[in-house]
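Heads up: the structure comes next, in structure tokens.
Throughout, read-outs are computed from the coordinates displayed, never taken from laboratory work. Worth saying up front: this structure is predicted, and the values here are computed from it rather than measured.
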């Protein structure tokens, strides 16, 4: 894999399929900036974002534009979530055959949308921090005598593996 577009496509497919080989594509000092989170370090990013892969059924890459070591990727995520699809634009910077930075842009409003006229009781997903209607969560988990509500099964599964990490945040 030598050209930036090939690496970008392989990265997107590996990341959203949960392939552990994705780590080899990222520089150790990888930097991620997204609509609701920022991470410095490849390991920190992968640990915190694993639920995104778990909640994704497929990634449909629509177009890649390459300019030197930079790739603009436009794709659709097919999700295991009440929001069935999300359109994404991601700017990847590549140096030395590794992805060194990513800026991800997507509209998060559909994930937060709720009926303003209803009497919904809301909870905050401890993994991704989205609001979840307690009457219709994608998943729930019990921990420490308390019920936690999740926007997706991917977030619930991430919480199950390391609840203390998410509750400490």
Original post:
In bins 10 Å wide, starting from 0, what share of all Cα pairs of segment 59-113 does each bin hold, as a percent?
Top reply: 22, 46, 25, 7, 0
Original post:
Roughly what angle does helix 4-17 make with the longest principal axis of the chain, taking Cα atoms, 0 to 90 degrees, to the nearest 10?
Top reply: 20
**OP:** Report the antiparallel proportion of the DSSP beta bridges in the chain as a percent, rounded to a multiple of 5.
**Re:** 90
Original post:
On a 0 to 90 degree scale, rounded to 10, what angle separates helix 42-54 from the longest Cα axis of the chain?
Top reply: 60
**OP:** Using only alpha carbon pairs under 8 Å that are at least six residues apart, calculate the relative contact order of the chain and give it in whole percent.
**Re:** 18
Original post:
For segment 114-168, what is the convex hull volume of the alpha-carbon atoms per residue, in Å³?
Top reply: 74
Subject >> Gaussian network model of the chain, Cα within-10 Å springs - most flexible of 138, 156, 109 >> reply: 109
